[in-house]
Amino acid sequence: MERRAVALVGARMFNLASKGLSGEEMAIAFRDALPSMLKFIAKNQAPFIAKVYKDGKVVTWKDATDLLKEINS
């Protein structure tokens, strides 16, 4: 359902992949990942879902092709 909504509205979604973090640690992870997230946005067509890791790494989870297939099937 959530992936379908992302596809339908053409969203760019970043999901924190690391578990067990405090709120402060989550905020730090997103702060540290921001430069990588901006580069990811510039290089990847919406819609997409990407994972953000505690170390600031950003990785594609579902790209536009994957998400659009879901709404067209």
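A few notes on this one:
- Criterion (at pLDDT 95 or above, under 27 Å from residue 72 (Cα atoms) and part of a loop (DSSP other than H, G, I, E, B)) met by exactly one of 46, 50, 42: 46
- Residue tally, condition without any contact (Cβ under 8 Å) to a residue 12 or more places away in the chain and exposed (fewer than 14 other Cβ atoms within 10 Å of the Cβ), over region 20-33: 6
- Qualifying positions in region 10-19 - touching a residue at least 24 places away in the same chain (Cβ under 8 Å) and of a type in the set (D, E, K, R): 12
- Condition check for residue 67: at pLDDT below 95, surrounded by 15 or more Cβ atoms within 10 Å (Cβ to Cβ) and aliphatic (A, V, I, L, M): yes
- Of all residues in region 17-73, those satisfying the criterion of being in contact with a helix residue (DSSP H, G or I) (Cβ under 9 Å, 6 or more places away or on another chain) and among the acidic types (Asp, Glu) are 55, 66, 70.
- Matching residues, region 1-37, being outside any helix (DSSP H, G or I), on the phi < 0 side of the Ramachandran plot and not aliphatic (A, V, I, L, M): 12, 14, 15, 18, 19, 22
- Checked against (1) among the aliphatic types (A, V, I, L, M); (2) at pLDDT below 95; (3) more than 11 Å from the chain's Cα centre (by Cα), residue 34 meets all criteria but (2).
The values are calculated or read from the model by the stated rules, or taken from the named source; none is laboratory data. Since this is a predicted model, take the numbers as computed values, not measurements. Cβ coordinates were reconstructed from backbone atoms using ideal geometry, including for glycine residues, and neighbour counts include every protein chain displayed.
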